[in-house]
Amino acid sequence: MRLEGNTVVITGGSTGIGFALAERLVKLGNEVVICGRSEEKLKAAVEKLPSVHTLSADISKDEGRRRLFEFVTTKFKGTNVLVNNAGIQRHIDFRKGIVDLLKNEDEIEINFRSQIYLSAMFIPVLMKQKDPAIVNVSSGLGFAPLAAFPVYSATKAGIHSFTVSLRRQLRDTEIKVFEVVPPMVYDTGLKGKPIEKTEWSISAAEMADAIIEGLENDVYEMAAGASKNFLSASKRDLDKAFEDMNRRF
Ligand SMILES: NC(=O)c1ccc[n+]([C@@H]2O[C@H](COP(=O)([O-])OP(=O)(O)OC[C@H]3O[C@@H](n4cnc5c(N)ncnc54)[C@H](OP(=O)(O)O)[C@@H]3O)[C@@H](O)[C@H]2O)c1
């Protein structure tokens, strides 16, 4: 796809991979709208990237998704790219029954439902635009899950499956449907704070560079670092990766 002159909405673009992508897209000459729940994080994003447009909205809620949709479609009528990036990750121990599951925010609402609902809301609008695209962010854990993050991994597997179907449904339209499959990214807010860099992890900047390259070359399933192997892995490879990754669990 062309990488300049677009109007791009990035959910959860205030930090991490979404923000690194926003920085690159702005630099390439695109209008970029980001959203997130925290006003503070959005303010910090604008300080670093003054031309980015922001909206505070919780897209795990119908009301937040509607507000984002109305904001974008009234103020940025040329919006032609939706990046479904917002996500959270939680340790959930099912040995504690329902207690642990209900304790905090709901990964199913944020990681899964919001991507599906926002896609459905935006598709009729995108179909009327030039060079439209949807970019869904899944995860290597959608291919080989981490048992400590059981719901997270399942939402990402679901996003992979949804994206494959969406790409097929939309193949007679102009909308290009991309999936981004990040490996572990060490300097984002996903785990509450940046984590130590390992041989398995990359930076948000490296991930955003890979997304830009993938978009530019119409690579519909794009990965980077360790998750690259997952895209072409056999069942046996994925089972082995699962065992290796979950040795301590
Ligand atoms: N980091 C990794 O290792 C990794 C690996 C594979 C895939 N990913 C995926 O990459 C995506 C980006 O994550 P990241 O690592 O860049 O984490 P991050 O720095 O924590 O970014 C997450 C973004 O989503 C926003 N967000 C979270 N819940 C939201 C909600 N209910 N409504 C609106 N915005 C919301 C956050 O802002 P607020 O908190 O202010 O709402 C933030 O802007 C996620 O989908 C994640 O699953 C990350």
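Observations, loosely collected:
- Candidate cross-link partners of LYS240 among the lysines, defined by an alpha-carbon separation under 26 Å and a same-chain spacing of 8 or more, comprise LYS156, LYS191, LYS197, LYS228.
- Candidate cross-link partners of LYS27 among the lysines, defined by an alpha-carbon separation under 24 Å and a same-chain spacing of 8 or more, comprise LYS41, LYS43, LYS48, LYS75, LYS77, LYS130, LYS176.
- With q set to 0.15, 0.20 Å⁻¹, the log10 of I(q)/I(0) for the stretch 153-249, from the Debye formula over equal scatterers at the Cα positions, is -0.72, -1.18.
- Taking the average, over residues, of other Cβ atoms within 10 Å as the packing measure, peptides 180-190, 9-19, 58-68 rank 9-19, 180-190, 58-68 from highest down.
- Extending 7 Å from Cα along the Cβ direction at ASP237 and again at HIS91 yields two label points whose distance is 3.1 nm.
- The chain - percent of accessible surface contributed by carbon and sulfur, probe 1.4 Å: 54
- The residues of the chain expose on average 51 square angstrom of accessible surface per residue, using a 1.4 Å probe on protein heavy atoms.
- Cα-Cα pairs of the stretch 7-245 separated by more than 27 Å (percent): 30
- Across MET1, MET127, MET121, MET222, the residue with the most accessible area heads the list, and the full order at a 1.4 Å probe is MET127, MET121, MET1, MET222.
- Extents of the stretch 27-157, taken as max minus min of Cα coordinates on every principal axis and listed largest first, are 48, 32, 29 Å.
- Once both labels are positioned 7 Å from their Cα atoms along Cα-to-Cβ, the gap between VAL125 and SER161 label points is 2.9 nm.
- Considering helices alone, the calculated mean residue ellipticity of the chain at 222 nm is -12500 deg cm²/dmol, with DSSP H runs of length four and up weighted by -39500 (n - 2.57) and normalised per residue.
The values are calculated or read from the model by the stated rules, or taken from the named source; none is laboratory data. Everything numeric in this text was worked out from a predicted model, so none of it was measured. No Cβ is skipped: glycine too gets one built from the backbone with ideal geometry, and neighbour counts run over all protein chains shown. Accessible surface is based on the protein model in full, side chains and every heavy atom, while ligands, DNA and RNA are left aside. Shrake-Rupley method; radii C 1.70, N 1.55, O 1.52, S 1.80 Å.
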